[in-house]
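Step one of this worksheet: look at the structure below.
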Amino acid sequence: MVHGDDSGLVLPPRIAPTQVVIIPIQQKKEGVLEKAAEVCGRLGKVARTKLDDSDKSPGWKFSEAEMRGIPVRVELGPKDIEAGKCVLVRRDTREKIECSLDEVETKVAELLETIQKDMFERAKAHRDSHIWDAHNYAEFTEIANNKPGFIRAMWCGDVACENKIKEDLAVTSRCMPFNDQEHISDVCACCGKPAKKLVYWGKAY
Ligand SMILES: [Zn+2]
């Protein structure tokens, strides 16, 4: 479940070494770094949090945080502090969320859970949308030659069929699901003989 886009990594919160980065805006202004450090201390209790108080510009820090795939970035500037709020930015969707400083721990913890769940759902939907059922050899061939992903097909259990599929189409068996023994057909998608096993097949690159 490691993802990425043009800006770099997109890590699911559970595996991200740093889950939250706080980036102060106009950090030389009085009180900004102090407040950022205070928020960092509070967030440190609910997430793996870092404060980027280096001398680089905020824009540079944003890019660096994006490249490293840190799931949530907290932006905090003098105007935010005055208004008692901060801005949370999701790495996965880039959505910006205004957040009251009073409830920043709760909101960040909730957001990390949401990101984790959303990323998992998206990965699952992506995987599920790339599984194709083949009921006979014509369908099997058509899918293997034209569609990316996995092929679900019945197999008689004969190694000869497995070898034929491998030689004809460069496709190999990947797994035989135990919990998902659905019968999509009664016959082997290769030879047409009776088949009881459902197998996932994938292109061997
Ligand atoms: Zn067969």
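Points to keep in mind about this one:
- Note on region 120-156: residues that are in a loop (DSSP other than H, G, I, E, B) and either crowded, with 18+ Cβ neighbours inside 10 Å or touching a strand residue (DSSP E or B) at 6+ places or on another chain (Cβ under 9 Å) (or both) amount to 7.
- Given (1) more than 16 Å from the ligand (Cβ to nearest atom); (2) within 28 Å of residue 12 (Cα to Cα); (3) not assigned by TED's automatic domain parsing to the domain that holds residue 92, number of the condition residue 143 does not satisfy: (2)
- Selection count, region 157-179, where residues are in contact with a strand residue (DSSP E or B) (Cβ under 7 Å, 6 or more places away or on another chain) and either over 22 Å from residue 127 (Cα atoms) or exposed (fewer than 15 other Cβ atoms within 10 Å of the Cβ) (or both): 11
- Selection count, region 180-205, where residues are within 29 Å of residue 124 (Cβ to Cβ), assigned to a loop (DSSP other than H, G, I, E, B) and among the small types (Gly, Ala, Ser): 4
- Candidates 186, 158, 102 - the one that is acidic (Asp, Glu) and either away from the ligand (no atom under 16 Å from the Cβ) or within 22 Å of the chain's Cα centre (by Cα) (or both): 102
- Taking (1) part of a helix (DSSP H, G or I); (2) more than 16 Å from the ligand (Cβ to nearest atom); (3) in contact (Cβ under 8 Å) with a residue 12 or more places away in the chain in turn, residue 117 satisfies each apart from (3).
- For residue 98: the one exception among (1) part of a strand (DSSP E or B); (2) crowded, with 20+ Cβ neighbours inside 10 Å; (3) not hydrophobic (A, V, I, L, M, F, W, C): (2)
- Of all residues in region 43-63, those satisfying the criterion of being touching a strand residue (DSSP E or B) at 6+ places or on another chain (Cβ under 9 Å), part of a helix (DSSP H, G or I) and over 16 Å from residue 14 (Cα atoms) are 58, 61, 62, 63.
- Candidate set from region 161-183 (those that are of a type in the set (A, V, I, L, M, F, W, C) and more than 10 Å from the ligand (Cβ to nearest atom)); member that is farthest from residue 143 (Cα to Cα): 178
The values are calculated or read from the model by the stated rules, or taken from the named source; none is laboratory data. Computed from a predicted structure; not experimentally measured. Quick reminder, even Gly has a Cβ in these numbers, built from the backbone with ideal geometry, and neighbours come from all protein chains shown.
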